[in-house]
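The values are calculated or read from the model by the stated rules, or taken from the named source; none is laboratory data. Since we're looking at a predicted model, the values are computed, not measured. Note: ideal-geometry Cβ built from the backbone for every residue, glycine included; neighbour counts use all protein chains shown. Side chains included, ligands, DNA and RNA excluded: accessible areas come from the protein's heavy atoms. Shrake-Rupley method; radii C 1.70, N 1.55, O 1.52, S 1.80 Å.
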Amino acid sequence: MFSNLAIDVALGLIFIYLLYSLLASVVQELVARIFNSRARLLTKGLRRMLEDDDHSKDLGWFGKFTFFNWFYELGWSVVYFFEPFRKSPFLKKFYSTPSIRNLGENSATSRPAYISPQIFSQAMVHLLRSSVPEHKATDALAIKAALTHNYLQLVPGTREHLLQLFEDAGHNMAAFRINMETWFNETMTRASGWYRKQTQTWLLCMGMAIAALFNVDSIAIARILMKDKNVRSQLVQLASSRAPGYTAITDTLIRKNVLHKDSAFFRADTSVRILVSDTSLLGVYGMLRSDAGDAANVLGIKRACVTDSTGGHITLRCGYTHPFQQNGWLIFAGWCITALAISLGAPFWFDLLGKVVKFRNAPPPADTSGTNTAATH
C-alpha cells in the first residue's frame, strides 16, 4: 500500500479544503436564501431581456473600459437591490401580472425565484393582448397591433425583437410563444453563468473570512503535517471517517445544469438541493463546524492567551500559540492560499480526495523482475 509522506500530507490538506469548502457553500446558501439571491438574479435576467439595461453609455469614454464598467454596474446592483423596478416600467407590469405575482412565496419573497418558459410566454401574450384599446378578431391581430403601435411603451430594442419573433412565427400564436420561450431559455442559461461567477466571488470572500476566523493557515498546516507523524496519522484517520458522510452533500453540488421542475432557470450553482429547509441547513452547518473544531484540535493551531515568565516577569500574551505561526505575513499568505482553495468549490476537492484515497490504498505493482530473470535461464 502507498502510504508515504507526500500522499498523507496531500490527503490531509485536501480534507481540510473539502471541509471548509463545504462550510463556505452552506453559508453561501444561507446568505442566498436570506437575500433571495436567485429571485434577484432572475429579475436581472428579465431586465436584460425586457428593458434597456446597458449603462456603459452613461460613462462616456470611460465606458470602453471593463474596470470602470465593473464598478459602475456594482453601483447599479446596489440600487436595484433596494429598487428592483427603477426606470423599468414594463418589468414592473410583467411582475404585476397574476401569472407571475402568484408564483411568489409570500410578501417577504414576493418575486419568484423560478419562472417556466411557458409562464413567461403566457404573461407576455396577456400583457400585449390586454394593452390593445379596441377588441380584435384574433389574438394574432391584437399582438400585431400592440407591437406596431407600441401600446406598452416597450424600449425600442425589445419591441423590435418581439416584432421579429412574431414575423418569424408567421403571425401564428403557438409558434410566437415557442419563439419567446426559446428566447427566455437562452437568457436564463446565460443567467446561470452570471450566478456561477457571483457564487465563486462569494466563495472567495467567504473563504478569506473563514480562513481568518478559523485560522486555517495552509502553510502552517502543511508544515505540521510534514513534521509530525502523529498529527498526520490522526488527520488521515479523521478524513477517512468523515469524508463518506460528505458524499450526499457534495453529490448535490456537482450536478451541473439541473433543470428545476417548474423553471427554465438552470441551477448550475452551489445550491444544496437535499437541504430543503433552513433548519436542515443550520444542522449541516453545525455538523461541519464540529468537524472543523476536531480538525483544529488535531492540528493544534489555535489562538489563545498564555503566560510568559521569560525574564522573571509573568506576562500574558494572546495570539497564535503554535511555533509555525510566528510570522504574520506567512499567516496571511496561508489564509490567502486557503481562500483560493475554497473558491474552487467542494466538488473539486471531493473528487480529488477520492482519487488520492484510491491511489493510497492501491496495492503496489507486482515485482516481476525475478520471474523474468528465471525465465531467461
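Numbers at a glance
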{"item": "Some residue of the range 10-29 being open to solvent by less than 30 Å² (accessible area, probe 1.4 Å), modelled with pLDDT under 85 and farther than 30 Å from residue 339 by Cβ", "result": "no"}
{"item": "Qualifying residues in the range 47-103 (those that are among the hydroxyl-bearing types (Ser, Thr, Tyr) and within 28 Å of the chain's Cα centre (by Cα)) - the one modelled with the lowest pLDDT", "result": "56"}
{"item": "For residue 224: the one exception among (1) open to solvent by 70 Å² or more (accessible area, probe 1.4 Å); (2) of a type in the set (A, V, I, L, M); (3) farther than 30 Å from residue 139 by Cα", "result": "(1)"}
{"item": "Of all residues in the range 72-99 being open to solvent by less than 70 Å² (accessible area, probe 1.4 Å), part of a helix (DSSP H, G or I) and not aromatic (Phe, Trp, Tyr), the one that is farthest from residue 51 (Cα to Cα)", "result": "99"}
